[in-house]
Amino acid sequence: MPETAADTPSPPAQLLVASRFSQPADYRVTRAAGAANWLLMWTAEGRGQVRGSGPWVAQRPGDLAVLPAHRRHAYRTDPSVRSWGGWWVHFQPRAAWPAWLREHGRNGGVYCVAGVPAAARGRVDAAFRRLHADARWAEGEAPPAQDPAGIAIA
């Protein structure tokens, strides 16, 4: 995977870090040695592409991509569109996760779950919103506020 850009830093391995992203057409991240933790990305709008050591894999709304720790990876906004957005989380997986993901493995060491049914997408988005609010919740503070549907308000 020839890359011209410098490696993009990632969060420390022991942290769980989650956020929303909305990136323009020229967005690109490259990590020749991967990250110290795993990265899960949920595409909510636009289109992106991810890769390990193999070819680019398309990411469309309703797709999940999982990039394992310590493996070369890159991701970018699909060059044919203006933007890519969704959620991301850097985390340490439970021991069973690699086995669960095996059937979704793509050439080059990334995992992609394509086409989460439209009826479930709102629930996935809500789960990311709760995760984001809870990840920012400091010990000793009141828990994040929730809307009437039980979804944390970020």
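A few comments on the model shown:
- Qualifying strands (runs of 3 or more DSSP E) (wholly inside the range 24-83; at least 2 residues being aliphatic (A, V, I, L, M) and touching a helix residue (DSSP H, G or I) at 6+ places or on another chain (Cβ under 7 Å)): none
- Matching entry among 115, 140, 108 (being modelled with pLDDT of 85 or more and not β-branched (Val, Ile, Thr)): 115
The values are calculated or read from the model by the stated rules, or taken from the named source; none is laboratory data. All of these numbers come straight from a predicted model, not from anything done at the bench. All Cβ positions, even for glycine, are placed from backbone atoms using ideal geometry, and neighbour counts span all protein chains on display.
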